[in-house]
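Below is one structure, written out as C-alpha cells; the observations come after it.
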Amino acid sequence: MLSLVRANIFQRKTRAAITILAVAIEVTAVLVIVGLTNGTLAEVAGRLQAVGADIFVQPAGSSAILGLSSMTLREAIVDRLQETEGVEAVAPIYIWSALVGGGAPVNTWGIDPRFEHVGAHLTYLDGRGLDFNSPSAAREMVIDRRFADSNGFGVGDRIMMLANEWEVVGVARAGIGARIYVRLSVLRELVGLPTRVHLVFVKAEQLDRTGELASRIEAEIPGVQTTVLEEYSQTLGENIAGLNAFRIALSGIAVSLSFLVILLAMYTSIIERTREIGILKALGGSKTYIVLTIMQESMLLSLFGVIGGCGLGWLTAEMLMFFYPTLIIQFTLDWMIYASALGVLGGFLGSFYPAIRAARQDPVSALREE
C-alpha cells in the first residue's frame, strides 16, 4: 500500500508540492502569529517585572496592557501611597506612545529619581542616565539597545518627538520598562497634564506581605486597582479581551485552509485516476483498502507540510526579528504540536470525501473511462 501511495505522489509532483506548500503556509501562519502574540505578552510582562517593584497601581478599570488606557491618577495619590503603611517607596510613571521618525509608536515613560528607589536599575551600554536637575537637560532621553539598533540611533543623536528635539544621552540594556525614558515633569508639561500619572510602582517593605498590601491599597484609596507584578504575566493573559477568541478563530481558519487544499487536490486526483481505481477494484481491492490508500496519501502530504511549516515558521520568525529587532516571536512546544495537529486534521478531513467517493465507484463504469 505504501509503495502505491509513494507512486501516486511522485507521479503528480507539482500538485503534491503545491499541496505540501499550502499546508506548510497554514502551519507557519499559526506559529508566527501566535508566537508573536505570546512573545509580545511575555516581553511586556518581563519588562515590567524587571523594574524591581512589587506592585503597580492604576486607575480602576485600566487595561492590563500599559499604554492602551488614557485613564490617569492625580499626583496627590502618589503622596498618599507613600504614606500607606507597608510601602517602602513609590515611583510615578507617565506613559506616552511616541511617534519617532515616522515609524510605529514607541513605548515612552516619563520618570523621575524615585524610579530607582523602587528597585529599577538601568544598565548603560553607552552614555549616561537622565539629568533630573539641570534646566538645560530638559530635552534629554535614554533609549534601550533594541530601539537603538533597529533605528540606527546612538548617544549624541537628536530625535524629534512631540514637536520637540531631544538629545539621546544614553543607551540602556533592553528588557526593563520602556523603550524610551524622558523626564516625567517635561513629558507631562508637553502633553498638557502636569499633575497626572498613568501608574505608580510600589516597593513593599515586606515581600511576603505584598498581596496583603495590594488589597489594603485598593481598600483605602478609592478609584484605583492594583496588580502584583509577580502575578502580572498570568493576569495579562487572562484579562486581554478576545485573545482566546482570536486563537480559536485562527485555528478554525487554519483547519479550513488545510481542508480545502487537501479536498481539492485529492478530489481532482480521484477524477484523474478513475480508470486506475476501477482496475484496482477489478483486481480485488476492497473499499477499505482504497479508502486507506487515499487517506494515507493525504496524510503523508499533510505530514510533509507540517514538517515544512515548522521549518518555514522558524525561518520566518528569524527573518522578522532580524529586520525588526523590537519584535519578539516566541515559539512554544504546545503550540508547535497544536499547529501540527491542525495541519494533519485538515488533511484528514479534506481526504475523507474523495476517499469515500473513490471506494464507491463501480469498477465496470470506471474501466470505461478514458
Problem set entry | Residues in the range 170-212 reached by a label modelled at residue 157 [backbone nitrogen below 18 Å; 7 Å Cα→Cβ] | 170-175, 178-182
Exercise. Under a 5 Å amide H to amide H cut-off, with H placed in plane at 1.01 Å, what residues pair with residue 94 once short-range neighbours are removed?
Worked result: 110, 198
Exercise. What are the residues whose amide H is under 5 Å from the amide H of residue 160, where those residues sit 5 or more places off or on another chain and H is modelled from the backbone?
Worked result: 101, 166
Seminar exercise, completed: For the range 142-263 (alpha-carbon point model, no solvent) the Debye-based log₁₀ I(q)/I(0) at q = 0.16 Å⁻¹ works out to -1.03
Exercise. Hey, could you pull the Cα Rg and Dmax for the range 61-222, both in Å?
Worked result: 16.3, 47
Exercise. Among 156-164, 71-79, 28-36, what's the highest-first ranking by average C-beta atoms within 10 angstrom per residue?
Worked result: 28-36, 71-79, 156-164
Problem set entry | Contour excess over end-to-end distance, with Cα ends at residue 206 and residue 292 and 0.36 nm allotted per residue | 24.4 nm
For this session: Report the calculated FRET efficiency for residue 338 and residue 63 (r = Cβ-Cβ distance, R0 = 25 Å), to the nearest 0.05.
Result: 0.40
Exercise. In terms of modelled amide H atoms, which long-range or inter-chain residues lie less than 5 Å from the amide H of residue 224?
Worked result: 60
Exercise. Cα atoms only, the range 106-163: Rg and Dmax in Å?
Worked result: 12.1, 32
Problem set entry | 3J(HN,Hα) from dihedral phi, the range 335-344, Karplus parametrisation 6.51/-1.76/1.60, rounded to Hz, x for glycine, proline | 6, 5, 5, 5, 5, 5, 5, 5, x, 5
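Here, each number is a calculation from the coordinates, and none is a lab measurement. For clarity, every value in this text was computed on a predicted model and none was experimentally measured. Cβ atoms come from the backbone with ideal geometry, glycine included; neighbour counts cover every protein chain shown.
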